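> My questions will all concern the structure given below.
What follows is calculated from the coordinates using simple rules that are stated; it is not laboratory data. Fair warning: this is a prediction, and the values are worked out from it, not measured in the lab. All Cβ positions, even for glycine, are placed from backbone atoms using ideal geometry, and neighbour counts span all protein chains on display.
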Amino acid sequence: MAYWMIVGLWLVYLALTANLEWSNLLLGLLIATGLTRLLQPPRGTIELRRLPAALLALVRYLLVVLLNAVRSGVMVARLVLQPNLPLRQGIIAIPSGCDSELATALSAHAITLAPGEMVIEIGEGGVMYTHALDATHSAEYVAEAQQLRRELLSEIFP
């Protein structure tokens, strides 16, 4: 069990409650231990030879997510400032193409971070059903962006 995680959660609990009575100290320790047992990721071995490539892919992934958020934010701002622009809202299906559930969840999170798009459900096989403000252009754009995210996430999470 990760004792550092228990101590960290316990300290956060104590900071949020601001109560240092012995009963609250014990309750916080029990909650922190329970959460750690529930949330502790499975232990795996980290291959040191893969680490530089995984870190580089992580940096590239974060830059791609940031760029997509800025680009989508400009699009949404344009729609707000020019309300006469037509909206072609719709729901599009985006296959995640990731083997890992964590990679699929991160991909869905990256899509939802972009203004104007929101993953509303992840179906069987990792298909992400996404609401888009402009579904006509989003289908093409999302397929390209998802391919890049898929490649980067597969480098980060083998």
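> Consider the candidate values [x] 1.01; [y] 1.36; [z] 1.11; state which one is Cα Rg over 2.2 N^0.38 Å computed from the structure displayed.
[y]
> Nearest 5 is fine: what % of DSSP beta bridges in the chain come out antiparallel, could you say? Kindly include the intermediate steps, with their values, before the conclusion.
Values: 11 of 12 bridges.
Of the beta bridges lying entirely in the chain, close to 90 percent run antiparallel.
> Nearest 20 debye, what's the magnitude of the dipole of the chain about its Cα centre given +1 on Lys and Arg Cβ and -1 on Asp and Glu Cβ?
320 debye
> Something else about it: Rounded to the nearest 0.05, what FRET efficiency is calculated for LEU51 and LEU29 with R0 set to 25 Å and r the Cβ-Cβ distance?
Rounded to the nearest 0.05, the efficiency is 0.15.
> Given the options ALA110, GLY28, ILE122, identify the residue whose Cα lies farthest towards the positive end of the charge dipole of the range 11-129 (+1 on Cβ of Lys, Arg; -1 on Cβ of Asp, Glu).
Selected residue: ALA110.
> For the range 1-141, what relative contact order do you get, as a whole percent, if you take Cα pairs closer than 8 Å and at least 6 residues apart?
Values: 123 pairs, mean separation 27.4, N = 141.
Rounded, it is 19 percent for the range 1-141.
> List the longest stretch of the chain that has no exposed loop site; here a site is one of the GluC sites (Glu not before Pro) assigned by DSSP to anything other than H, G, I, E or B, with at most 14 other Cβ within 10 Å.
Numbers: sites that count: GLU21, GLU47.
The answer is 48-158.
> Using DSSP to define loop residues, name the trypsin sites (Lys or Arg not before Pro) in the range 24-100 whose beta-carbon has at most 13 other beta-carbon atoms within 10 Å. Could the numbers behind the result be given before it?
Values: sites: ARG37, ARG43, ARG49, ARG50, ARG60, ARG71, ARG78, ARG88; in loops: ARG43, ARG49, ARG50.
Those that pass, being in a loop and sparsely packed, are ARG43, ARG49, ARG50.
> How much length is gained on full extension from MET118 to TYR3, taking 0.36 nm per residue of separation minus their Cα-Cα distance?
On the way: separation 115, 0.36 × 115 = 41.40 nm, distance 3.63 nm.
Gain on extension, MET118 to TYR3, equals 37.8 nm.
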